[in-house]
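Take a look at the structure set out below.
The values are calculated or read from the model by the stated rules, or taken from the named source; none is laboratory data. None of these values were measured; they are calculated from a predicted model. All Cβ positions, glycine included, derive from the backbone under ideal geometry; neighbour counts span all protein chains shown. What goes into the accessible areas is simple: the full protein's heavy atoms, side chains included, and nothing from ligands, DNA or RNA. Shrake-Rupley method; radii C 1.70, N 1.55, O 1.52, S 1.80 Å.
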Amino acid sequence: MPSSAPSPPLSVPLSTPVSAGSAPVAIPALRLFLSRLNDSINRSLSDRRPWSELADRSAFSRPESFSDATSRLRKNLAYFRVNYAAVVASVLAVSLVTNPFSFLVLLTLLVAWCLLYLFRPSDPPLVLFGRTFTDRETLGGLVLLSALVVFLTSVGSIIVSALVAGAGIVAAHGAFRVPEDLFLDEQDLGNAAGLLSFLGGAASAAVPVRI
């Protein structure tokens, strides 16, 4: 009885280069990131104060001195930190939406980071124009591209202007809002220390207003 010829061994490639156009996205990593982001947003929103309390006109008065304004700002930052973050984010969003080109450039840059580095599996190497790139080279290229986008287009100036304007609004509200009716603990005051130094530097860049 004739013996059958042995079948050739199967060869399985350990890794297959993946081009940028067909680079897969690590779905589990993306889901984990979105889940953590959603949890962080929900925890932050749970500390949000009522907007009516933020805009209570009866609680506004002119500070007696610079130290009084600083003390008010420190307490208000601790109490309204989530509301203040929402105000700065809103100013930034409005600035980007009213500048469609900068918004599209920033969105494209974000998509490039997600597809090429953040959520791309590390096993298949990235191939662009017939050349294989390591993770370190991909990261360096994205950092360089981000720097060029920020400094050579209007994106950087729009972001900085929006952050300065948002910080000015927060600093002005925090200095004129009387915090006597707010209940704070030592942990809240400690959390506001870093924000106070940032807002103080940003507000000093704004044009002073004489009252």
Given the structure, is ARG177 under 30 Å from ALA78 (Cα atoms) and modelled with pLDDT of 85 or more?
yes
Which of the following residues is surrounded by fewer than 16 Cβ atoms within 10 Å (Cβ to Cβ), at pLDDT 85 or above and among the aliphatic types (A, V, I, L, M): LEU96, LEU144?
LEU144
For the stretch 41-69, the count of residues that are over 18 Å from GLY166 (Cβ atoms), open to solvent by less than 50 Å² (accessible area, probe 1.4 Å) and at pLDDT below 90 equals 2
Scan the stretch 122-141 for residues that are open to solvent by less than 40 Å² (accessible area, probe 1.4 Å) and either at pLDDT below 80 or closer than 29 Å to VAL88 by Cβ (or both) and report the count.
4
Criterion: of a type in the set (Lys, Arg) and touching a Gly at 6+ places or on another chain (Cβ under 7 Å) - qualifying residue of ARG62, ARG72, ARG49
ARG72
Quick check, is ARG72 touching an Asp or Glu at 6+ places or on another chain (Cβ under 8 Å) and crowded, with 17+ Cβ neighbours inside 10 Å?
no
Would it be correct to say that ILE211 is open to solvent by 50 Å² or more (accessible area, probe 1.4 Å), at pLDDT 85 or above and within 22 Å of ASN76 (Cα to Cα)?
no
